[in-house]
């Protein structure tokens, strides 16, 4: 796998007036996620499928010796699975679970840019009218007069789902690679 870019930040969320967000597309819609927990972005590569996982877990990748589960964000939102194309990327995100940090890959159609969105340009999440669960939405950001859905990554990768992901991580790398 080729690394496209790496993003890291150490500034706490509460100290930011203008928060930086990674914007990306998924099924023709624009989304954004805070860069606070984004570790890196890699080009979509070969995945190892893991039997008996939920439909939205696409498989695992070997990221510099670590087994990282990959979630198909479109399938996680209850839509059709993402079709693999040349521009697909995997966003590696660090999430907290049971006082431990775990890396999870999130598959998207394409990554667009890292943008600063002032707090004044972010509105509350709508209570209706979206095609994803409202608890997945942190807010609606305005970029060049258009809205982008800002995701609440901790809710998208909730504790119930993370339990399944941790089970994938705890399997040995060699067992997972041999299932190809």
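Note on the stretch 13-41: residues that are modelled with pLDDT under 90 and touching a helix residue (DSSP H, G or I) at 6+ places or on another chain (Cβ under 8 Å) amount to 6. Picking from residues in the stretch 68-88 that are more than 10 Å from the chain's Cα centre (by Cα) and in a strand (DSSP E or B), the one that is nearest to residue 157 (Cα to Cα) is 69. Looking across the stretch 89-127, the residues that are over 15 Å from the mean Cα position of the chain (by Cα) and part of a loop (DSSP other than H, G, I, E, B) come down to 98, 99, 124, 125, 126, 127.
Among the residues of the stretch 41-56, just one is in a strand (DSSP E or B) and farther than 18 Å from residue 109 by Cβ, namely 48. Taken over the stretch 97-151, the residue count meeting the criterion of being surrounded by fewer than 16 Cβ atoms within 10 Å (Cβ to Cβ), within 12 Å of residue 21 (Cβ to Cβ) and without any contact (Cβ under 8 Å) to a residue 24 or more places away in the chain is 1. Every condition in (1) modelled with pLDDT of 85 or more; (2) closer than 30 Å to residue 65 by Cβ holds for residue 172 except the one numbered (1).
Here is a check on your reading of the model: is residue 132 under 17 Å from the mean Cα position of the chain (by Cα) and either modelled with pLDDT of 90 or more or part of a strand (DSSP E or B) (or both)? Considered against the rule, which asks whether it is under 17 Å from the mean Cα position of the chain (by Cα) and either modelled with pLDDT of 90 or more or part of a strand (DSSP E or B) (or both), residue 132 comes out as no.
The values are calculated or read from the model by the stated rules, or taken from the named source; none is laboratory data. All values reported here derive from a predicted model rather than from experimental measurement. So basically every Cβ, Gly included, is an ideal-geometry build from the backbone, and we count neighbours across all protein chains shown.
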